[in-house]
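The values are calculated or read from the model by the stated rules, or taken from the named source; none is laboratory data. All values derive from a computational prediction rather than experimental measurement. Quick reminder, even Gly has a Cβ in these numbers, built from the backbone with ideal geometry, and neighbours come from all protein chains shown. The protein model used for the area step is the full one, side chains on, heavy atoms only, and it has no ligands, DNA or RNA in it. Shrake-Rupley method; radii C 1.70, N 1.55, O 1.52, S 1.80 Å.
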Amino acid sequence: MDTYKINVAGVERDLIKYSVNEEVDIAAFIMFGDVEITEKAAAELLKRCPEHDVVVSAEAKGIPLCYEMARQGCRQYVIARKSVKVYMRNCASVSVNSITTQNDQRLYLGDTDVDFLRGKRVLIVDDVISTGESLNALEKLMELCEAKVVGKAFVLAEGNAKYRDDIIFLEPLPVFIKD
């Protein structure tokens, strides 16, 4: 099994590499089930982030980080859902096509979340930024909610995302070009 060693907020992990296509592999960073890295990454990101009223992420891999940053910080978070639930009415929605997802998807917020977010200072968070498509979708969704995005924070910036000057991240994550 081919792996890539990374140190995030003082925690070392071996990430398993997976093939994206015939030319590229990525090292999969999965926060689900890793309480230590979630807590430490959240604490380190909060030191670097601007003041905010609420933390927002998209379902699903950003949920642990979003929760933990809210728990340690502002105590409020909202998750954009990938499907409409029975309790979600009059949804705001945007489309998203991320590198780790096979097909186009949509992100949804019900009217109670939209109303809650209106006028709030929002910190968008996720585990990894790569192409930026998920971030773009969340920014559009926050615009629909009339919320003000004050920061965009990620544990890892994959590939060329590390060159962006509009994000906060803890460590770069290379993309592996096959020979």
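Does Ser83 meet the test of being open to solvent by less than 50 Å² (accessible area, probe 1.4 Å) and part of a strand (DSSP E or B)? Considered against the rule, which asks whether it is open to solvent by less than 50 Å² (accessible area, probe 1.4 Å) and part of a strand (DSSP E or B), Ser83 comes out as no.
Only one of the listed residues (Ala9, Ala80) is small (Gly, Ala, Ser) and under 14 Å from the mean Cα position of the chain (by Cα). That residue is Ala80.
Would you mind stating whether Asp179 is within 30 Å of Thr3 (Cα to Cα), over 10 Å from the mean Cα position of the chain (by Cα) and among the acidic types (Asp, Glu)? For Asp179, the condition - within 30 Å of Thr3 (Cα to Cα), over 10 Å from the mean Cα position of the chain (by Cα) and among the acidic types (Asp, Glu) - is met. Scanning region 5-29 for residues that are in a loop (DSSP other than H, G, I, E, B) and either free of Cβ contacts under 8 Å to residues at least 60 places away in the same chain or buried (at least 19 other Cβ atoms within 10 Å of the Cβ) (or both) returns Gly10, Asn21, Ala28, Phe29. Output the residues belonging to region 157-179 that are of a type outside the set (A, V, I, L, M, F, W, C) and closer than 12 Å to Asp25 by Cα. Glu158, Gly159, Pro174, Lys178, Asp179 - these are the residues of region 157-179 that are of a type outside the set (A, V, I, L, M, F, W, C) and closer than 12 Å to Asp25 by Cα. The criterion of at least 1 residues that are open to solvent by less than 30 Å² (accessible area, probe 1.4 Å) and within 12 Å of Val56 (Cα to Cα) is met, among strands (runs of 3 or more DSSP E) falling completely within region 120-179, by 121-129, 148-158. Remark: pairs (first residue in region 166-179, without any contact (Cβ under 8 Å) to a residue 24 or more places away in the chain and on the phi < 0 side of the Ramachandran plot; second residue among the basic types (Lys, Arg) and in a strand (DSSP E or B); Cβ separation under 8 Å; 6+ apart in sequence or on different chains) = Asp166/Lys152.
Matching residues to (1) within 19 Å of Ser134 (Cβ to Cβ); (2) at pLDDT 95 or above; (3) among the hydroxyl-bearing types (Ser, Thr, Tyr):
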| site | (1), (2), (3) |
| --- | --- |
| Asp2 | no, no, no |
| Val11 | no, yes, no |
| Asp25 | no, no, no |
| Ala60 | yes, no, no |
| Cys66 | yes, yes, no |
| Met69 | yes, yes, no |
| Tyr77 | yes, yes, yes |
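Within region 114-150, being within 16 Å of the chain's Cα centre (by Cα) and at positive phi holds for one residue alone: Gly132. For region 58-80, filtered to residues that are touching a strand residue (DSSP E or B) at 6+ places or on another chain (Cβ under 8 Å) and either assigned to a loop (DSSP other than H, G, I, E, B) or at positive phi (or both), the residue that is least open to solvent (accessible area, probe 1.4 Å) is Gly62. A Cβ distance below 8 Å, combined with a sequence gap of six or more or placement on separate chains, defines the contacts here; from region 87-107, residues that are on the phi > 0 side of the Ramachandran plot and in a loop (DSSP other than H, G, I, E, B) reach residues that are small (Gly, Ala, Ser) and at pLDDT 75 or above in the pairs Asn90/Gly110. Restricting region 38-57 to residues that are touching a Cys at 6+ places or on another chain (Cβ under 9 Å) and either β-branched (Val, Ile, Thr) or in a strand (DSSP E or B) (or both), the residue that is surrounded by the most Cβ atoms within 10 Å (Cβ to Cβ) is Val55.
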